[in-house]
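Below you'll find the structure, written out as structure tokens, and then a few comments.
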Amino acid sequence: MAENIRVLVAKPGLDGHDRGAKVVAAALRDAGMEVIYTGLRQTPEMIVEAAVQEDVDVVALSILSGAHMTIFPRVMDLLRERGVQHMLLTGGGIIPKTDAEELAEIGVGKLFGPGTSTRDIIGYIKEEVDRRRVADEI
Amino acid sequence: MKLLDRFLAGDRTALSRVITLLENDRDRRSAILDRLYPRSGKARRIGITGPPGSGKSTLADRLTARFRTGGRTVGIVAVDPTSPFTGGALLGDRLRMQGSWDDPEVFMRSQADRSHSGGLSEATPYAITALDAYGKDVIIVETVGVGQSTLDVSEVSDTTVVLLTPESGDSVQAMKAGLMEIADVLVVNKSDREGAALFASELKVIVDMGRWEEGWKPPVLSASARDDTGIDDLYERLDAHADYLSGEGRLQARRLRQGRSAIEKALGELWQGRLTVLQDAGDAMDRLSERVAQRELSPLAAAREMMDKMAD
């Protein structure tokens, strides 16, 4: 099982509701992960820069504003530009099933709706990180 | 291209991966350091330490901006504590360090201390080496919120800044051994708060009574990092301290001390490593623990037995 899993939890967009992001951040911490919390009003550029510098395994975004069809693809593009394909991009919010399917096609991971148990999120992250970690040749 | 070649070509993603390997991969850590260590040693290392909530991250953010205005590139390592119960950590320093997020000459890394004592992570000195070898001019190291006996930062810094607030306690607290003794510069942050001027003047009295190196008495400065006041003053004092160090082989003397302490730490790491690979170490430990618990053997004698075992 992968050790020292690092997760960036960020809240893009302009709405100020970060309770969900904080609950998830605390749950991941209590599951033994290292959680980098960057707070509210993050642009995709800020998120990807932080993800690269922190070399996280997972980027988890909380999006409640309805802007998910703009933000997830943009973050995905920027991650690819920076050559970090191994990172899992996931998140949560109020996201219609058809949108989630469309996002899955461009490589976005599972998206979690309201009422999801944090245990499901933790299990999903552990499984994905195990699968995705790459060994660099030095 | 291989990772270290990309690192040496200035690839930021590679820098980040290298730091991760230095943190996680005990087997390859040594090989990576062999390549990077000879390229390090040029950067100025500034440690920032102080109690929880004293404003270390905000100060580091403002100081970074000031160094950038001065034309210097900056690397930051910020350490937060790991829970000894779950192994997890919430790293929140980035929250207050977003002033230079889009500046490609600033690289900031959060580290969990992974239950290493001393206010830093075991891998913090390695992250510093990586940032230094990468070519950063200044490296700012921010410790976990510390009390009186977590002083590792002074062993990796050329200049140690101790940050206090008017609420940091009365002057008697400050006189206790530890924090005060590693300070090259003292800053009373949140200086707009009540009692700040009095606290600063009390600190000055304590500094006057203390011992300090010939030629450098730690200044007591006032700042409000949130309002960006006092940062220019701090910046100038840091430069003055760098000038002071550059005279009469003082920096060389500090680096010698740093080297010695780094070797001692690495020795501990190697012993620890031996312990984990030694086939029957676990059994031996179980047996010895039992004898220690029965008072047949002192812990020191048991440790000596383990050491003989590992030396074989």
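The values are calculated or read from the model by the stated rules, or taken from the named source; none is laboratory data. This structure is a prediction, so every number in the text was calculated from the model and none was measured. Note: ideal-geometry Cβ built from the backbone for every residue, glycine included; neighbour counts use all protein chains shown.
Taking the condition part of a strand (DSSP E or B), buried (at least 18 other Cβ atoms within 10 Å of the Cβ) and either among the small types (G, A, S) or not assigned by TED's automatic domain parsing to the domain that holds B:A127 (or both), does B:G75 pass? First the steps, then the outcome.
On the way: part of a strand (DSSP E or B): yes; buried (at least 18 other Cβ atoms within 10 Å of the Cβ): yes; either among the small types (G, A, S) or not assigned by TED's automatic domain parsing to the domain that holds B:A127 (or both): yes.
So B:G75 fits the description; yes.
Could you grab the pairs with beta carbons closer than 6 Å, sequence gap of 6+ or different chains, first residue in region B:199-225 and surrounded by fewer than 18 Cβ atoms within 10 Å (Cβ to Cβ), second one among the aromatic types (F, W, Y) and modelled with pLDDT of 95 or more?
Taking only residues 6 or more apart or on different chains, the pairs are B:W216/B:Y244.
Scan region B:62-69 and tell me whether some residue there is out of contact with any Phe, Trp or Tyr (no Cβ under 6 Å at 6 or more places or on another chain), of a type in the set (S, T, N, Q) and surrounded by fewer than 21 Cβ atoms within 10 Å (Cβ to Cβ).
yes
I'd like to check something: does region B:271-287 contain any residue that is modelled with pLDDT of 90 or more and under 27 Å from B:L151 (Cβ atoms)?
Looking for residues that are modelled with pLDDT of 90 or more and under 27 Å from B:L151 (Cβ atoms), one finds none in region B:271-287, hence no.
In region B:102-131, which residues are assigned to a strand (DSSP E or B) and touching a Ser or Thr at 6+ places or on another chain (Cβ under 7 Å)? Working first, answer last.
Kept after step one, since they are assigned to a strand (DSSP E or B), are these residues of region B:102-131: B:106-112.
Residues satisfying the conditions are B:V106, B:Q111, B:A112.
Just to verify a result, which residue in region B:132-144, among those that are in contact with a Lys or Arg (Cβ under 8 Å, 6 or more places away or on another chain) and part of a helix (DSSP H, G or I), is surrounded by the fewest Cβ atoms within 10 Å (Cβ to Cβ)?
Filtering region B:132-144 for residues that are in contact with a Lys or Arg (Cβ under 8 Å, 6 or more places away or on another chain) and part of a helix (DSSP H, G or I), the one surrounded by the fewest Cβ atoms within 10 Å (Cβ to Cβ) comes out as B:D132.
Residues are listed down the side, and each one gets a yes or a no for (1) exposed (fewer than 12 other Cβ atoms within 10 Å of the Cβ); (2) part of a loop (DSSP other than H, G, I, E, B):
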residue	(1), (2)
B:D233	no, no
B:A240	no, no
B:R254	no, no
B:Q258	no, no
B:L267	yes, no
B:L297	no, yes
B:A302	no, no
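Among B:P81, B:P51, which is the only one that is closer than 30 Å to A:A27 by Cβ and within 14 Å of chain A (Cβ to nearest Cβ)?
B:P81
Scan region B:104-150 residue by residue and report those that are of a type in the set (F, W, Y) and touching a strand residue (DSSP E or B) at 6+ places or on another chain (Cβ under 9 Å).
Across region B:104-150, the qualifying residues are B:F107, B:Y134.
Go through (1) on the phi < 0 side of the Ramachandran plot; (2) surrounded by 23 or more Cβ atoms within 10 Å (Cβ to Cβ); (3) assigned to a loop (DSSP other than H, G, I, E, B); (4) not polar (S, T, N, Q) for B:G99 and report which single condition fails.
(2)
For region B:35-58, state whether one or more residues are under 15 Å from the mean Cα position of the chain (by Cα), part of a helix (DSSP H, G or I) and buried (at least 18 other Cβ atoms within 10 Å of the Cβ).
Yes, that holds for at least one residue.
Identify, from the list B:I32, B:I19, B:I46, the residue that is away from chain A (no Cβ under 11 Å), among the aliphatic types (A, V, I, L, M) and touching a helix residue (DSSP H, G or I) at 6+ places or on another chain (Cβ under 8 Å).
Just one listed residue meets the conditions, B:I46.
Looking only at region B:91-102, decide whether some residue is of a type in the set (D, E, K, R), modelled with pLDDT of 95 or more and assigned by TED's automatic domain parsing to the domain that holds B:L131.
Scanning region B:91-102 turns up no residue that is of a type in the set (D, E, K, R), modelled with pLDDT of 95 or more and assigned by TED's automatic domain parsing to the domain that holds B:L131.
Condition first: assigned to a helix (DSSP H, G or I) and loosely packed, with under 13 Cβ neighbours inside 10 Å. Now tell me which residues in region B:274-286 satisfy that.
Across region B:274-286, the qualifying residues are B:T276, B:V277, B:G282, B:D283, B:D286.
Would region B:1-10 turn up any residue that is surrounded by 17 or more Cβ atoms within 10 Å (Cβ to Cβ), more than 13 Å from chain A (Cβ to nearest Cβ), in contact (Cβ under 8 Å) with a residue 12 or more places away in the chain and over 30 Å from A:A27 (Cα atoms)?
Checking region B:1-10: not a single residue is surrounded by 17 or more Cβ atoms within 10 Å (Cβ to Cβ), more than 13 Å from chain A (Cβ to nearest Cβ), in contact (Cβ under 8 Å) with a residue 12 or more places away in the chain and over 30 Å from A:A27 (Cα atoms).
Any chance you could count how many residues in region B:96-124 are in contact with a helix residue (DSSP H, G or I) (Cβ under 6 Å, 6 or more places away or on another chain) and more than 11 Å from chain A (Cβ to nearest Cβ)?
4
Would you point out the residue of region B:193-210, among those that are among the small types (G, A, S) and assigned to a loop (DSSP other than H, G, I, E, B), that is modelled with the lowest pLDDT?
This residue is B:G210.
Working only within region A:1-17, note down all residues that are away from every other protein chain (no Cβ under 11 Å) and assigned to a loop (DSSP other than H, G, I, E, B).
Selection gives A:M1, A:G13, A:L14, A:D15, A:G16, A:H17.
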